[in-house]
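Only the coordinates and a few stated rules stand behind these numbers; no lab work does. Computed from a predicted structure; not experimentally measured. In this analysis, Cβ positions are derived from the backbone assuming ideal geometry, glycine residues included, and neighbour counts consider all displayed protein chains.
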Amino acid sequence: MSVSVPGESSPQFLKVNINHRIGAVSLNVNFAQTAPWTVLFGPSGSGKTTVLRAIAGFVRPDAGSILRGGTVLVDHASGVFVPAHLRPVRSAGQAARLFPNMTVRSNAIYGSGLTSKPADAMETVEEVMRLFRLQNLLDRWPHELSGGEKQRVSVARAVVSAITYGQPGAALLLLDEPFSGLDYAMRDELVDSLKEYLVRWKTPVLSVTHDVGEAFQLGAEVIRIAEGEVVQQGPVIDVLGDERRRLMGQLRAQA
Amino acid sequence: MDFEALWLTLRLAVGTTAILLVVAVPLAWWIASGHGVKRALVQSIVALPLVLPPTVLGFYLLIAMGPLTAPGRLLIRMFGHPLAFSFGGLLVGSVLYSLPFAVQPLVAGFQAVDRGFIEAAAGLGARPAKVFSSVVLPMTRASLLTAAVLTFTHTVGEFGVVLMLGGNIPGETRTLSISLYDLVQDGNYGAANQTALVLIAFAMVTLLAIYLLPSMRKVDGRQADIVR
């Protein structure tokens, strides 16, 4: 499985082919990520968070393999399982686990790969914090923040870690419902600016959502998961067109 | 009041606490980070001193450190004298005897840390050692302090192991509890009362410190801020 086959136009960021049983859900997921921002879309309980956790290294799949670029992260057959912290992958979980013993600033630089040049690191951190509208909260403690603020710090922290990992684009960013818990105005603003920012850093993203509006705003490629299986993959308008029409119909009916 | 015994007791308690924290922290972290027969077995061995008469531990340590066994003979060759009936031997006995008092609060503290914080750190590329020192340890400060205080207090109150292993050598192995025993044997009830009161006051103050501790738990993972 080579990444840069001559003639192959789009790069392959990630290749997932895993089987995993967790509780009542039997995962049987097979997809390749070729778009820089790809969304895993599906109802809750469909297994999308588990897929993300398997890529991050927190779940050991029962069978199958996960490849990031040319690097094997998991291969059940040959017994390869790269530990989470050694994967070229950075993640923010569904719940914002801010380290309670550190300020927002210290949380933000926790996973930064730029510790050798503190000035550069701080500049990057401050840039990301401005992007997330957190620049005035840098010296606060996690317990002084609102739920939405914590969520933003959590995602910002993962962004800092991803963009400072080696060369731009070296790390894949995994975000589990990154914009949930934010009010719509904040979310709309953030989605656009974050998307633009990560394109600048060439950082690919695989995010999880069950929000149709978010998927459309991201204009992302969508991988639709239902009952533990990939049922469709493609541009958002193709995969979620029916949902969009249904939502618009509902809105018209209300008017 | 035997001040030499008081000084010896404090030295023994400080030494035991220092050694035990170094030993117990990694041991407790290993026990807390998984399940299985191996961990259950180690946890049982660690807890043994809680249920065994101290004389059992004292007896086997006496044998192990004495000239009757190969390890004992090796120790005698290394130190030039038997480890039994010396401060060093007493230290070894105290470390083993107080092991559960150090390990158990730490295991409970480590197990209470939300795995989400550990995953969050690993998801940001932190090595396990960094996760432990920068995330887990600060969240379990209260457990560390509890382990230290319990170990210290328990060592001060130790009697059986000391008697079996150390005998009663002034300045070397005669601790406060042994001194109290001696005083009663001699019928010196006044001095015995003084010694007993010092031991009670000491235990009371340290226990009070532990129960006042929850104020420290503000930085504990159990009450840390979690969205949702």
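Assorted remarks:
- In segment A:101-199, the GluC sites (Glu not before Pro) that fall in loop regions by DSSP, at most 12 other Cβ within 10 Å: none
- Our coupling estimate for segment A:13-27, obtained by passing each phi through the Karplus curve with A = 6.51, B = -1.76, C = 1.60 and θ = phi - 60°, is 7, 7, 10, 10, 8, 10, 10, 7, 10, 9, x, 8, 8, 10, 7 Hz, Gly and Pro reported as x.
- Rounded to 5, the percent of DSSP beta bridges in the protein assembly as shown classed as antiparallel: 60
- At most 14 other Cβ within 10 Å, DSSP loop - chymotrypsin sites (Phe, Trp or Tyr not before Pro), segment B:63-102: none
- Nearest 10 degrees, 0 to 90: helix B:37-51 Cα axis against chain B principal axis: 40
- Under 5 Å, built H, 5+ apart or other chain: amide partners of residue A:64: A:19, A:76, A:77
- Distance between the C-alpha centres of segment B:1-37 and segment B:68-102: 15 Å, rounded to the whole angstrom.
- Applied to segment B:121-129, the Karplus parametrisation 6.51 cos²θ - 1.76 cosθ + 1.60 on θ = phi - 60° returns per-residue 3J(HN,Hα) values of 5, 5, x, 9, x, 6, 5, x, 5 Hz, with x for Gly and Pro.
- Amide proton proximity set for residue B:123, modelled H, under 5 Å, gap of 5+: none
- Pairs of Lys in the protein assembly as shown closer than 23 Å at Cα, counting only those 8 or more apart or on different chains: 11
- Using the Stokes-Einstein relation with a Kirkwood hydrodynamic radius computed over Cα pairs, the translational diffusion coefficient of chain A at 4 °C and a viscosity of 1.567 mPa s comes to 68 µm²/s.
- Between the residues A:134, A:146, B:82, the greatest Cα displacement towards the positive end of the dipole of the protein assembly as shown, with unit charges on the Cβ of Lys, Arg, Asp and Glu, is found for B:82.
- At 0.890 mPa s and 25 °C, Stokes diffusion of segment B:3-223 via Kirkwood alpha-carbon radius, µm² per second: 129
- Loop-resident sites, segment A:204-242, for GluC sites (Glu not before Pro), counting at most 16 other Cβ within 10 Å (DSSP): A:227
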